[in-house]
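One structure is given here, and the rest of the page talks about it.
The values are calculated or read from the model by the stated rules, or taken from the named source; none is laboratory data. Owing to the predicted nature of the structure, the values given are computational and were not obtained by experimental measurement. Don't worry about glycine lacking a Cβ; one is built from the backbone with ideal geometry, like all the others, and counts go over all protein chains shown.
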């Protein structure tokens, strides 16, 4: 009986030994920073301090995701959500994985859950916009696109999502305008050049399109070279 009580005491002691406020602060910092190396640093600290907490499991999921193990990452994000259904980024990241796997309906469901938790988060609206680009209901998707830009007019992802949505809607001029805005905001980011290049190619302006895709590749987006093999012969 004494032995059992000692074990129970040690378990309770370990639970309370976790510095919850510090772990939550590390999680917040890991969300706010845009630097991947900083995210790694904060999330590794979380794993050291509280590996089985919702923040620890979220961190495990994120490391799996960046390593390309999307199936395991999705499962771990789901575990984190079961522990804490208010983790916006867990819904957002799981939704991105579903989107990657062409599960658009599942992705939209996760993004809507994220929107309920953070109705002023531009990134959430950007993903809703992007994930609804093939839906028949164009007005709802377009509203999400516009909200993303309104909430963060400096976000290149917001403009990229809206540009893609407009292109799928047949609004090439509007798509081109948004792609130009990305380049204006961040000329050294390959995303804008890829977006504009794709639009030009859709408009049969291969010379301008291939020049933009080439520029995107020079800026580090080497995946565009596969598209160039098809369109820029």
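With respect to residue 64, determine if the residue is touching a residue at least 12 places away in the same chain (Cβ under 8 Å) and outside any helix (DSSP H, G or I). No. Tallying residues that are closer than 13 Å to residue 56 by Cα and either surrounded by 14 or more Cβ atoms within 10 Å (Cβ to Cβ) or in contact (Cβ under 8 Å) with a residue 24 or more places away in the chain (or both) within the range 26-38 yields 3. Any residue at all in the range 36-46 that is over 22 Å from residue 86 (Cα atoms), at pLDDT 95 or above, under 18 Å from the mean Cα position of the chain (by Cα) and outside any helix (DSSP H, G or I)? No, that holds for no residue.
Do we have any residue at all in the range 195-214 that's surrounded by 24 or more Cβ atoms within 10 Å (Cβ to Cβ) and closer than 28 Å to residue 114 by Cβ? Within the range 195-214 (the criterion being surrounded by 24 or more Cβ atoms within 10 Å (Cβ to Cβ) and closer than 28 Å to residue 114 by Cβ), the answer is yes, since at least one residue qualifies. The criterion of at least 1 residues that are more than 24 Å from residue 209 (Cβ to Cβ) and modelled with pLDDT under 95 is met by the following helices (runs of 4 or more DSSP H) wholly inside the range 103-197: 104-117, 138-151. Residue pairs whose Cβ atoms lie under 6 Å apart, separated by 6 or more positions or on different chains, with the first residue in the range 85-99 and free of Cβ contacts under 8 Å to residues at least 40 places away in the same chain and the second surrounded by fewer than 21 Cβ atoms within 10 Å (Cβ to Cβ), are 86/117; 88/117; 88/118; 90/81; 91/113; 97/70; 98/106. Scanning the range 116-134 for residues that are free of Cβ contacts under 8 Å to residues at least 24 places away in the same chain and in contact with a helix residue (DSSP H, G or I) (Cβ under 8 Å, 6 or more places away or on another chain) yields one hit, 128. Residues in the range 169-194 that are within 25 Å of residue 222 (Cβ to Cβ) and surrounded by fewer than 23 Cβ atoms within 10 Å (Cβ to Cβ): 176, 180, 181, 183, 184, 185, 186, 187, 188, 189, 190, 191. Quick one: is residue 225 at pLDDT 95 or above and either in a helix (DSSP H, G or I) or within 28 Å of residue 118 (Cβ to Cβ) (or both)? When the stated conditions are applied, residue 225 does not pass them.
The lone criterion from (1) in contact with a helix residue (DSSP H, G or I) (Cβ under 6 Å, 6 or more places away or on another chain); (2) under 17 Å from residue 161 (Cα atoms) left unmet by residue 208 is number (2).
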